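These notes concern the structure reproduced below.
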Amino acid sequence: MVQGLSGLASASSLFLVASGLTVIFGVTRIVNFAHGSLYMMGAYLSWTLVTALPRGHLGFWGGVLVAALIVGVIGVLIEVLLLRRIYKAPELFQLLGTFGVVLIVQDVALMIWGPQDLLGPRAPGLRGAVEILGVRFPLYELFLIAVGPVVLGLLWLLFHRTRWGTTVRAATADREMVGALGVNQRMLFTTVFFLGSVLAGLGGALQLPRESVNLQMDLAIIAEAFVVVVIGGLGSLPGAFLAALLLGQLQAFGILIFPKITLVLAFLVMAVVLVVRPHGLLGRPPASAHAAHVVEPPYPPATPLARNLGFAALALAVLVPPFMGEFALIVFTEIAIMVLFAASLHFIMGPGGMASFGHAAYFGLGAYGAALLAKHFAAPMELGLFAAPLMAGFAGVVFGWFCVRLSGVYAAMLTLAFAQIAWSTAFQWVEITGGDNGILGVWPSAWAQPKLVYYYMALVLCVGVTLLLRRAIFAPFGYALRAGRDSPLRAEAIGMDGFRIRWVAFILAAIAAGIAGGLFAYAKGSVFPTYMAIPRSVDALLMVLLGGVQTVSGPIVGALAYTWIHEQLMRSFDLWRLFLGSVIVALVLFFPQGLVGAAQRLTERRK
Amino acid sequence: MSASDRARAGVPPSTEAVNRPRQDMTLLVEDIHKSFGGVQAVAGVSLSVGAGELLALIGPNGAGKSTCFNMLNGQLKPDRGRIVLKGQDIAGLPPRRIWRLGVGRTFQITATFASMSVLENVQMALLSHAHRLFDIWNPVTREDPARAMALLERVGMAAQAQRPCGVLAYGDLKRVELAIALANDPALLLMDEPTAGMAPSERVALMELTANIARNSGIAVLFTEHDMEVVFAHADRILVLDRGRPIAEGLPAEVRADPRVREVYLGTGATHGIA
Amino acid sequence: MTIALPRRAALLGAAATLAAPAVHAQEGPIRIGEINSYSAQPAFLTPYRNAWMMAQDEVNAAGGINGRRIETVFRDDGGRPEDAVRHAGELVNNERVALLSGGFLSNVGLAVADFANQNRRLYVASEPLTDALVWARGNRFTFRLRPSTYMQCAMLVEEAAKLPARRWATVAPNYEYGQSAVRWFKELLTRAKPDVQFVAEQFPALGRIDAGATVQALAGANPEAIFNVTFGADLTNFVRQGSTRGLFERRSVVSLLTGEPEYLDPLGDEAPEGWIVTGYPWEELNTEGHTRFRENYRRRFNTHPRLGSVVAYDTVSAIVAMLRKSGGTGTDAMIEAMRGLTFPTAFGEAEVEFRAIDHQSTLGAYIGRTALRRGRGVMVDWRYADGRNYLPTDEVVRTLRPQG
């Protein structure tokens, strides 16, 4: 009983954050990665205000509300300065920009508030506890339990009793409607962003009496908030509320039976919900399935210039390394592997139109496929590299079968759920996988030990498989994949089995990622669960988006650029996240079609 | 009971109007029904189309034309009734299987692959027909374009073969769709509002083209249409639906003269005149 | 608190080092490659890095090592072992460091240790606590400074066994450190007191504890005592929910690391009282060596040292002592010097030794009880637990560590 109450309090907090996210997504269709950062800023700002203001009700509650409002203004700034300029960019591209914001906020918060966790004061009047069924229960938790439904009620009134709210609902149901209604779309998006950010800030500020404020809050909340939004159904407030309740309760009672389930519970629930209900609990399928689609540009064959550039780059990659130091070889090897990893994600994301938030699963499973053979059967590298794509491909067969039935963000989140399940398996199954301490001693066979030899082997495999994927994109299969993306209706009407085509594409992408993962394992000499953790999936997404998802060469250029920039900044600057974030934001603003997309436009204009 | 309801109750079974031998028909539909949550969208429609024949399916909004159409093309499964294509029951098969049995389709709102050229759009249909979609090796650009070009030639789009579909004028897209629909040598063409969204001059041109191709190649054509001018100018026969039931069937002249048809159209305040 | 500014101004400079490995003359400074999760674990590692710089400056001001200065190249692994391995490659191949050091997370430490083994380089692991680092996966090239999970558990078990409590519950973050701490605690306590019973265990995800539910679940099992392994943000949230809900009333709590200022300070006036903890009583520890260390640190950084500061300072001290002993930077010579090396600790206690048998140092920790003084948590009734007294016998160690 009291366990249930504890679950309710957590659910309320989660709902506040998720409600802002779902409102923003519903109207703008932006996957706002920075939502967790807004939440964290809410917590930090309220800490500053509450500790600075005089103690008492006014100081505390005033501080909380003002912090939420400031976060709302920060949200508006992000919208006006960054996102507004890239609404026309390809789907999910905004994710790249918001990720840049996440990085910037992390370092800025560190600079302002320092590295130590901050514990805020308790809420005046709600410090103590009440006795419920003989168990003491904090008053503040009771207050939080009430906050969730109250906010839901207020939002309901806002959306159903005001003209603005009606517009928001119309826009959520059908984006095309907004233009038709003659609504000022800019104003609508900005105000929605304000509301969403205030909710995030409020969610963070209200944690103050409950939890310490720390620099990990942003990433700790964001995945869970997305899970809630997706389980509830994108854009659905009651859905988010229901999902938060469900998760809060399952969490509260789940740990009584399986104390170790905390790692993966939310993702397990999401996987089950999405398999059973592809649009979440209360979500509806998008109103306009094909008519309102963004028109994807064609894939022109490589121009002579691009072709020559490609050959020149390849020639450099082959000819220069013998004259470089060992470390340069390590970096080059890593870049080659990342090129293949990005290309494999692009294969399903570009021509297939299926984003994946969990592509690292196949990369990591490839690495584990090789490492497990090496550890338990002392298999040589040659065998390990053969096992890598097999293991990843097998996962692709199983996970893909579920994922390719879904569309859009739902499909992407299901891939994330599976990736997290794979990750937690590697993390928890200590006897087999070594848990988070990983598997060590995965070194190449003697002949491939020299860094130069290994580099050439990696180069041949990575470039080879990348070119194979490219070839497939220009072959009937790649066309069929694009056909299913452009017009599922027409594809089906000329005899294409869209499910099977996407499934096979998913498996091929998994196999390619697995090869990259296997090579990565032997390059590093060890394998860890981090290989399939969310940050690596995000890396892959960033590389594809940065290069340009709508181009065939995009992922290659994106992987080169991202790996290079990341490596350089991380090595050279203490505040590398601030720099990397700023670079990403700048690239997003100046190249909204990605690097290759921008280059293509430039050459087209020259013609 | 309103006057129109009484009239509808007295409708004779529409198939009696057909006087060709039924087994020769390319498409034979017998008594199909479909309801959505208790609402009868289609209740007992039967029809048939022969090779080289154009049958128009008309009726006011909500008459059940689209539901009917979607049962024929496989997007909906009929609650009961038979749909027989060249002697084989296809009711409930998915659209892609129906296509493989020789049914080409065009859509009310054109559906083509926007990121591909006109030629590639047609080539996709040909590749699918040849079961070559899982080929991951041979570049599409090196395919022999002759057959696809011939199809484009037939619909008058050969000159625009290299343009991306994403930038075509709407009328041209309709022609591309026709070329795609013809790619697997269909026995039957299903055309949902083939001239919707087109300029009047284009409408006539497209339907003439369709009629010519159908008659020359012996393709049966079933189409729905709002534009009565198009219907009466090009259909060999017409089937009129109202509230899910057939109320008249016959030659254009017979249907035009049918008082119930007039009543339905005038009674619902349809904008397109019937005369 | 200061945050070091970018050391290298231009990207181009970094690019240049990538293309052409720098060659340093033998007479140049001795370079140390220090890899740590600076951006991911700033609370521990900012004071760590401060003290590192302080120690290095002191050594250099005193004339360095046989006239050679020491120099440190810092790298941030962001909490990812694979990035740490890449940095290790760069440090060894490009920066020409003589040895590697650092590591906060256990998996990072293990990854670098394996790299060191493969590339035949010395690695002085400062912080990673996992037992595997020197035992199950120990290797010739890796040495570890901090008392391991096993050692700190053994220190706490000694106190826990004196408690009357029979019914125990445990709460630990769900990763290797938390799991093995709980495993050792159970095993050692059961050995010391066979009639104890473990009635509940909770494993919240690291950094994402659902404190209310966890506290309630523990309370539901009604234990007489609790063994806590959570730290950082999880700990503060656990303590706050636990005290409001009365979880700690009439119950003993034995808690790993909670006496470290990194984790005790943020709790402010809500720090729990009477917990038996391992930690660092920086304020009351007035040995000669420590007083000097504390005042120097305070003068330079305008704040008190944290445990991370001691770990960094001692790591540098150990490396310096080793370099003085080895007389060169050849890996074999340095390893020979490390084995059995003794060096002073900033705690000001007896000299610490890097054991030849398993490359674990005998650095100890402080055991005491938490209390509130002037509105913040401190350790009282503390004593120094010398690490050498909390290690298994040599025979047992030989079975734990691959020999040869």
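Looking at the range A:116-134, is at least one residue assigned by TED's automatic domain parsing to the domain that holds A:Gly36 and either farther than 24 Å from A:Glu211 by Cα or within 19 Å of the chain's Cα centre (by Cα) (or both)? Before you say what the answer is, go through the steps one by one.
Residues of the range A:116-134 assigned by TED's automatic domain parsing to the domain that holds A:Gly36: A:116-134.
Now narrow it down to the ones that are either farther than 24 Å from A:Glu211 by Cα or within 19 Å of the chain's Cα centre (by Cα) (or both): A:133-134.
Yes, some residue in the range A:116-134 is assigned by TED's automatic domain parsing to the domain that holds A:Gly36 and either farther than 24 Å from A:Glu211 by Cα or within 19 Å of the chain's Cα centre (by Cα) (or both).
Within the range A:492-507, restricting attention to residues that are more than 8 Å from chain B (Cβ to nearest Cβ) and not charged (D, E, K, R), which residue is farthest from A:Phe394 (Cα to Cα)?
A:Gly498
Could you check the range A:569-582 and list, in sequence order, the residues that are aliphatic (A, V, I, L, M) and modelled with pLDDT under 90?
Within the range A:569-582, the first condition is being aliphatic (A, V, I, L, M), and the residues that meet it are A:569-570, A:575, A:578, A:580.
Hits for the range A:569-582 are A:Leu569, A:Met570, A:Leu575.
Which residue, of C:Arg137, C:Arg80, C:Arg121, C:Arg144, is surrounded by fewer than 24 Cβ atoms within 10 Å (Cβ to Cβ), away from chain A (no Cβ under 12 Å), out of contact with any Gly (no Cβ under 6 Å at 6 or more places or on another chain) and charged (D, E, K, R)?
Details: C:Arg137 fails: away from chain A (no Cβ under 12 Å); C:Arg80 fails: away from chain A (no Cβ under 12 Å); C:Arg144 fails: surrounded by fewer than 24 Cβ atoms within 10 Å (Cβ to Cβ).
One residue alone meets the criteria, C:Arg121.
Could you tell me which numbered condition B:Thr110 fails, if it satisfies all but one of (1) assigned to a loop (DSSP other than H, G, I, E, B); (2) touching a strand residue (DSSP E or B) at 6+ places or on another chain (Cβ under 6 Å)?
(2)
Is there a residue being more than 22 Å from A:Leu373 (Cα to Cα), in contact with a His (Cβ under 7 Å, 6 or more places away or on another chain) and in the same structural domain as A:Met349 (by TED's automatic domain parsing) anywhere in the range A:394-411?
Yes, because at least one residue in the range A:394-411 is more than 22 Å from A:Leu373 (Cα to Cα), in contact with a His (Cβ under 7 Å, 6 or more places away or on another chain) and in the same structural domain as A:Met349 (by TED's automatic domain parsing).
When only residues in the range C:308-334 that are of a type in the set (Val, Ile, Thr) and in contact with a strand residue (DSSP E or B) (Cβ under 7 Å, 6 or more places away or on another chain) count, which is surrounded by the most Cβ atoms within 10 Å (Cβ to Cβ)? Reasoning before the result, please.
Pass one, the range C:308-334, residues of a type in the set (Val, Ile, Thr): C:310-311, C:315-316, C:319-320, C:329, C:331.
Among the residues that remain, those that are also in contact with a strand residue (DSSP E or B) (Cβ under 7 Å, 6 or more places away or on another chain) are: C:315, C:319-320, C:329.
Values: C:Thr315: 27, C:Ile319: 31, C:Val320: 21, C:Thr329: 18.
The selected residue is C:Ile319.
From the list C:Glu336, C:Glu353, pick out the single residue that is part of a helix (DSSP H, G or I), assigned by TED's automatic domain parsing to the domain that holds C:Ala125, at negative phi and in contact with a helix residue (DSSP H, G or I) (Cβ under 9 Å, 6 or more places away or on another chain).
On the way: C:Glu353 fails: part of a helix (DSSP H, G or I).
None of the other options fit; the residue is C:Glu336.
I'm trying to understand the selection: among the residues of the range A:150-167, which are within 30 Å of the chain's Cα centre (by Cα) and either in contact (Cβ under 8 Å) with a residue 60 or more places away in the chain or assigned to a loop (DSSP other than H, G, I, E, B) (or both)?
A:Val151, A:Leu152, A:Leu155, A:Trp156, A:Phe159
Which condition number does A:Val549 fail, the rest of (1) in a helix (DSSP H, G or I); (2) buried (at least 24 other Cβ atoms within 10 Å of the Cβ) being met?
Just one mismatch for A:Val549, condition (1).
I'd like to verify a number: residues in the range A:298-326 that are within 30 Å of A:Ser487 (Cβ to Cβ) and of a type in the set (A, V, I, L, M), how many?
So the answer is 2.
Conditions (1) in a helix (DSSP H, G or I); (2) more than 13 Å from the chain's Cα centre (by Cα); (3) modelled with pLDDT under 90; (4) surrounded by fewer than 23 Cβ atoms within 10 Å (Cβ to Cβ), marked per residue:
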position: A:Leu541; (1), (2), (3), (4): yes, no, no, no
position: A:Leu545; (1), (2), (3), (4): yes, no, no, no
position: A:Ile556; (1), (2), (3), (4): yes, yes, no, no
position: A:Thr563; (1), (2), (3), (4): yes, yes, no, yes
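Write out, first by first residue and then by second, each pair whose Cβ atoms fall under 9 Å of each other, whose residues are 6+ apart or on separate chains, and whose first residue, in the range B:65-84, is assigned by TED's automatic domain parsing to the domain that holds B:Val29 and buried (at least 19 other Cβ atoms within 10 Å of the Cβ) while the second is assigned to a helix (DSSP H, G or I) and small (Gly, Ala, Ser).
Cβ pairs passing all conditions: B:Asn73/A:Ala493; B:Gly74/A:Ala493.
When you go through (1) surrounded by fewer than 23 Cβ atoms within 10 Å (Cβ to Cβ); (2) more than 10 Å from chain C (Cβ to nearest Cβ); (3) at pLDDT 90 or above one by one for A:Val229, which number turns out not to apply?
(1)
Out of all the residues in the range C:195-245, which are among the polar types (S, T, N, Q) and in a strand (DSSP E or B)? Spell out how you get there, then give the answer.
The first filter runs over the range C:195-245 and keeps only residues among the polar types (S, T, N, Q), leaving C:197, C:202, C:214, C:216, C:222, C:228, C:230, C:236-237, C:241, C:243-244.
Within the range C:195-245, C:Gln197, C:Gln202, C:Asn228 meet the criteria.
Hey, can you tell me all the residues within the range A:232-252 that are away from every other protein chain (no Cβ under 14 Å), farther than 15 Å from A:Gly20 by Cβ and crowded, with 24+ Cβ neighbours inside 10 Å?
Within the range A:232-252, just A:Gly233 meets the criteria.
Enumerate the pairs (first residue in the range A:316-335 and in contact (Cβ under 8 Å) with a residue 60 or more places away in the chain and within 9 Å of chain C (Cβ to nearest Cβ); second residue anywhere and part of a helix (DSSP H, G or I) and of a type in the set (A, V, I, L, M)) with beta-carbon separation below 9 Å, excluding pairs fewer than 6 apart on the same chain, so at least 6 apart or on different chains.
That search, which allows pairs on different chains as well, returns A:Glu326/A:Leu452; A:Glu326/C:Val92; A:Leu329/A:Leu452; A:Ile330/A:Ala523; A:Ile330/C:Val85; A:Val331/C:Leu18; A:Glu334/A:Ala458; A:Glu334/A:Ala523.
Test B:Met157 against the stated conditions and say whether it is under 18 Å from A:Val295 (Cβ atoms) and of a type in the set (A, V, I, L, M).
On the way: under 18 Å from A:Val295 (Cβ atoms): no; of a type in the set (A, V, I, L, M): yes.
Considered against the rule, which asks whether it is under 18 Å from A:Val295 (Cβ atoms) and of a type in the set (A, V, I, L, M), B:Met157 comes out as no.
Provide a single number: the residues in the range C:45-76 that are β-branched (Val, Ile, Thr) and in a strand (DSSP E or B). So that I can check it myself, show each step before the final result.
Going through the range C:45-76, the residues β-branched (Val, Ile, Thr) turn out to be C:46, C:59, C:65, C:70, C:72-73.
Subset that is in a strand (DSSP E or B): C:65, C:70, C:72-73.
So the count comes out to 4.
Can you run down the residue pairs with Cβ atoms below 8 Å, 6 or more apart or on separate chains, where the first is in the range B:16-32 and assigned to a helix (DSSP H, G or I) and at pLDDT 60 or above and the partner is surrounded by 10 or more Cβ atoms within 10 Å (Cβ to Cβ) and aromatic (Phe, Trp, Tyr)?
Hits for this filter: zero, empty list.
Anything in the range B:113-129 that is touching a helix residue (DSSP H, G or I) at 6+ places or on another chain (Cβ under 7 Å) and part of a helix (DSSP H, G or I)? List them, or say none.
B:Val118, B:Leu119, B:Glu120, B:Asn121, B:Val122, B:Gln123, B:Met124, B:Ala125, B:Leu126, B:Leu127
Quick one: how many residues across the range C:88-116 are within 7 Å of chain A (Cβ to nearest Cβ), within 26 Å of C:Arg68 (Cβ to Cβ) and either touching a Lys or Arg at 6+ places or on another chain (Cβ under 6 Å) or not hydrophobic (A, V, I, L, M, F, W, C) (or both)?
Here is the first cut: in the range C:88-116, the residues within 7 Å of chain A (Cβ to nearest Cβ) are C:89-90, C:93-94, C:106-107, C:110-111, C:114-115.
From the residues that got through so far, the ones that are within 26 Å of C:Arg68 (Cβ to Cβ) too are C:89-90, C:93-94, C:115.
Still in the running and either touching a Lys or Arg at 6+ places or on another chain (Cβ under 6 Å) or not hydrophobic (A, V, I, L, M, F, W, C) (or both): C:89-90, C:93-94.
So the count comes out to 4.
Taking the residues in the range C:172-205 that are at the interface with chain A (Cβ under 9 Å from one of its Cβ atoms) and among the aliphatic types (A, V, I, L, M) as candidates, determine which candidate is nearest to A:Gly36 (Cα to Cα). First the steps, then the outcome.
Kept after step one, since they are at the interface with chain A (Cβ under 9 Å from one of its Cβ atoms), are these residues of the range C:172-205: C:174-177, C:179, C:200-205.
Keeping just the survivors that are among the aliphatic types (A, V, I, L, M) gives C:200, C:205.
Working: C:Ala200: 33, C:Ala205: 18 Å.
Looking at residues that are at the interface with chain A (Cβ under 9 Å from one of its Cβ atoms) and among the aliphatic types (A, V, I, L, M), I get C:Ala205.
Mind checking which helices (runs of 4 or more DSSP H) fall wholly inside the range A:270-381 and carry at least 1 residues that are at pLDDT below 90, surrounded by fewer than 23 Cβ atoms within 10 Å (Cβ to Cβ) and not β-branched (Val, Ile, Thr)? Walk me through it before giving the result.
Working: elements: A:304-319, A:326-349, A:360-377.
The helices (runs of 4 or more DSSP H) meeting that bar are A:304-319, A:326-349.
Is one or more of the residues making up the range C:218-240 aliphatic (A, V, I, L, M), closer than 22 Å to C:Tyr366 by Cβ, buried (at least 24 other Cβ atoms within 10 Å of the Cβ) and in contact with a Ser or Thr (Cβ under 6 Å, 6 or more places away or on another chain)? If you could, list the steps in order and put the result at the bottom.
Taking the range C:218-240 as the starting set, the residues that turn out to be aliphatic (A, V, I, L, M) are C:218-219, C:221, C:225-226, C:229, C:233, C:235, C:239.
If we keep only those that are closer than 22 Å to C:Tyr366 by Cβ too, we end up with C:225-226, C:229, C:235, C:239.
The next check asks that each one be buried (at least 24 other Cβ atoms within 10 Å of the Cβ); those that pass are C:226, C:229, C:235, C:239.
After this cut, where a residue has to be in contact with a Ser or Thr (Cβ under 6 Å, 6 or more places away or on another chain) as well, the list is none.
Checking the range C:218-240: not a single residue is aliphatic (A, V, I, L, M), closer than 22 Å to C:Tyr366 by Cβ, buried (at least 24 other Cβ atoms within 10 Å of the Cβ) and in contact with a Ser or Thr (Cβ under 6 Å, 6 or more places away or on another chain).
Name the single residue, out of those in the range C:190-205 being surrounded by fewer than 24 Cβ atoms within 10 Å (Cβ to Cβ) and touching a helix residue (DSSP H, G or I) at 6+ places or on another chain (Cβ under 7 Å), that is modelled with the lowest pLDDT.
Of all residues in the range C:190-205, those surrounded by fewer than 24 Cβ atoms within 10 Å (Cβ to Cβ) come to C:190-201, C:205.
With touching a helix residue (DSSP H, G or I) at 6+ places or on another chain (Cβ under 7 Å) added as a condition, the list becomes C:192, C:196, C:198, C:200-201, C:205.
Details: C:Ala192: 95, C:Val196: 96, C:Phe198: 97, C:Ala200: 95, C:Glu201: 94, C:Ala205: 90.
Taking the candidates together, the pick is C:Ala205.
The values are calculated or read from the model by the stated rules, or taken from the named source; none is laboratory data. Keep in mind it's a predicted model, so treat the numbers as computed, not measured. Neighbour counts run over all protein chains shown; Cβ positions are idealised from the backbone, glycine included.
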